[in-house]
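Asks: Below: one structure in structure tokens.
The values are calculated or read from the model by the stated rules, or taken from the named source; none is laboratory data. Remember, it's a predicted structure, so these values are computed and weren't measured experimentally. Don't worry about glycine lacking a Cβ; one is built from the backbone with ideal geometry, like all the others, and counts go over all protein chains shown. For accessibility, only protein heavy atoms count, side chains too; no ligands or nucleic acids. Shrake-Rupley method; radii C 1.70, N 1.55, O 1.52, S 1.80 Å.
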Amino acid sequence: MIVGIPKEIKNNESRVGMTPAGVFELIKNNHTVYVQASAGEGSGFSNNDYQKAGATVLDTIAEVYAISEMIVKVKEPIEEEYGLIKEGQILFTYFHFASSEPLTKAMIKAKAICIAYETVEDEEGTLPLLTPMSEVAGRLAVQQGAKYLEKPVKGRGVLLGGVPGVAPGKVLVLGAGVVGIQAAKMAAGLGAHVTIMDINMKRLRYVNDVMPPHVVTEFSNEFNIRKHIKNHDLIIGGVLLKGAKAPNLITRDMLKEMRPGTVIVDVAVDQGGCVETTRPTTHEDPIYIIDDVVHYTVANMPGAVPYTSTIALTNVTLPYCLKLANLGWEDACNKDACLKKGLNIIAGKVVYKEIIEAFGWEKAFA
Ligand SMILES: NC(=O)c1ccc[n+]([C@@H]2O[C@H](COP(=O)([O-])OP(=O)(O)OC[C@H]3O[C@@H](n4cnc5c(N)ncnc54)[C@H](O)[C@@H]3O)[C@@H](O)[C@H]2O)c1
């Protein structure tokens, strides 16, 4: 199959759909790969790296789309790309269709085969192509939180690890899922005292089993949250209710109970956030302050570390890319139930129920 890797053109997106290592595997399987010039630059991969792996570098995005049977990307296509997509072309990328009717309509019109990373789902109901980005965001949450706890950026002036003779900082993690566990692990590694909360006892039991004693689990409820926000320095939001807006575990009035300079990193911002005062920010302007509480609420945190994120993404997408390239999309999806769940639009027809429901299109697709 002919596989194309275009450069991402969405604002501030430095990741790329495939690493040179991924290209190497495709070539080994007798496929042909075209990469747009400088596509990997933002992630630290040169044109030469891709050429050495066996890819051909093309100057323009139009050439990559025109020649490829399958396009492997990171973000959903944006308007400038709509006209480049060919009928029957496989697009394998994050789409998040339910949040954009114009994008959905454009892909229906393009008659492409749209396979969405975010809906590929394994037997346990987990989302293997989203997990690595949650891992990145969870770990990064502590790095960012530690930075914004510094006084010059309006934090409390607390060093998370403390020093001999001074107690370490305290980190409260809401949600013991992928984000929460990675955050707790990083904070514990710095020597901070960590409290991690969830409503799922299985998750709490697991954390309790695997984490060191300075990571303490507690059941998540308003009483416990109100108790802890008063004396924790960094609060990390990593809750998720599948398919729904995140619950507001920290309400506006609670900010007044926190000490000035407390930092909130609300990773759940992309699902509306678990803090009432959360609104999405960008890497250029990542924080804002309300009631002396610093809010870090960047909606695409992994974009800050594209080198790590691109490799983490290719690690999990590549096995599916290989299946799609080796077998073609129909055979690959028939043989792999997890990949089949990624099918969102097939040649102009929406096949993913949640998209139809999101736009109230039931009649149109009945
Ligand atoms: N901002 C970013 O760049 C970025 C990057 C990756 C993920 N995310 C987001 O981070 C959030 C968490 O993702 P995840 O992969 O860790 O999800 P996950 O499903 O692995 O974990 C979510 C956890 O929240 C728990 N939870 C639900 N209700 C709760 C409550 N009331 N109190 C405490 N815990 C509760 C669940 O039991 C679960 O353990 C999602 O909204 C995801 O989209 C954001």
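Asks: So, restricting to helices (runs of 4 or more DSSP H) that lie completely within region 280-366, which ones have at least 2 residues that are of a type in the set (A, V, I, L, M) and modelled with pLDDT under 95?
Replies: Qualifying helices (runs of 4 or more DSSP H): 353-358.
Asks: Which of the following residues is closer than 24 Å to Pro260 by Cα, within 12 Å of the ligand (Cβ to nearest atom) and in contact with a strand residue (DSSP E or B) (Cβ under 9 Å, 6 or more places away or on another chain): Ala184, Ala192?
Replies: Ala184
Asks: Could you figure out which of (1) away from the ligand (no atom under 15 Å from the Cβ); (2) on the phi > 0 side of the Ramachandran plot isn't true of Gly273?
Replies: It fails just one condition, (1).
Asks: Consider Tyr82 carefully, then state whether it is in contact with a Gly (Cβ under 9 Å, 6 or more places away or on another chain) and either crowded, with 20+ Cβ neighbours inside 10 Å or at pLDDT 95 or above (or both).
Replies: Taking the combined requirement at face value, the residue does not satisfy it.
Asks: Just a yes or no: is a residue in region 166-178 within 17 Å of the chain's Cα centre (by Cα) and either in a helix (DSSP H, G or I) or hydrophobic (A, V, I, L, M, F, W, C) (or both)?
Replies: yes
Asks: Name the residue, out of Ser100, Ser68, Ser43, that is surrounded by fewer than 17 Cβ atoms within 10 Å (Cβ to Cβ) and farther than 23 Å from Gly238 by Cα.
Replies: None of the others qualify; the one that does is Ser100.
Asks: Can you go through Ile264, Ile225, Ile229 and tell me which one is out of contact with any Lys or Arg (no Cβ under 8 Å at 6 or more places or on another chain), without any contact (Cβ under 8 Å) to a residue 60 or more places away in the chain, open to solvent by less than 20 Å² (accessible area, probe 1.4 Å) and within 12 Å of the ligand (Cβ to nearest atom)?
Replies: So the residue among Ile264, Ile225, Ile229 that is out of contact with any Lys or Arg (no Cβ under 8 Å at 6 or more places or on another chain), without any contact (Cβ under 8 Å) to a residue 60 or more places away in the chain, open to solvent by less than 20 Å² (accessible area, probe 1.4 Å) and within 12 Å of the ligand (Cβ to nearest atom) is Ile225.
Asks: Still on this model: Glu135: assigned to a loop (DSSP other than H, G, I, E, B) and either more than 16 Å from the ligand (Cβ to nearest atom) or within 25 Å of the chain's Cα centre (by Cα) (or both), yes or no?
Replies: On the way: assigned to a loop (DSSP other than H, G, I, E, B): no; either more than 16 Å from the ligand (Cβ to nearest atom) or within 25 Å of the chain's Cα centre (by Cα) (or both): yes.
No; evaluated as a whole, the condition is false for this residue.
Asks: Scan region 339-366 for residues that are touching a residue at least 24 places away in the same chain (Cβ under 8 Å) and either within 22 Å of Glu87 (Cβ to Cβ) or crowded, with 19+ Cβ neighbours inside 10 Å (or both) and report the count.
Replies: Final tally of qualifying residues: 12.
Asks: Can you tell which of Leu318, Leu313 is touching a residue at least 24 places away in the same chain (Cβ under 8 Å) and more than 16 Å from the ligand (Cβ to nearest atom)?
Replies: Of the residues listed, the single one that is touching a residue at least 24 places away in the same chain (Cβ under 8 Å) and more than 16 Å from the ligand (Cβ to nearest atom) is Leu318.
Asks: Restricting to region 109-131, count the residues that are open to solvent by less than 10 Å² (accessible area, probe 1.4 Å) and within 11 Å of the ligand (Cβ to nearest atom).
Replies: Of the residues in region 109-131, 0 are open to solvent by less than 10 Å² (accessible area, probe 1.4 Å) and within 11 Å of the ligand (Cβ to nearest atom).
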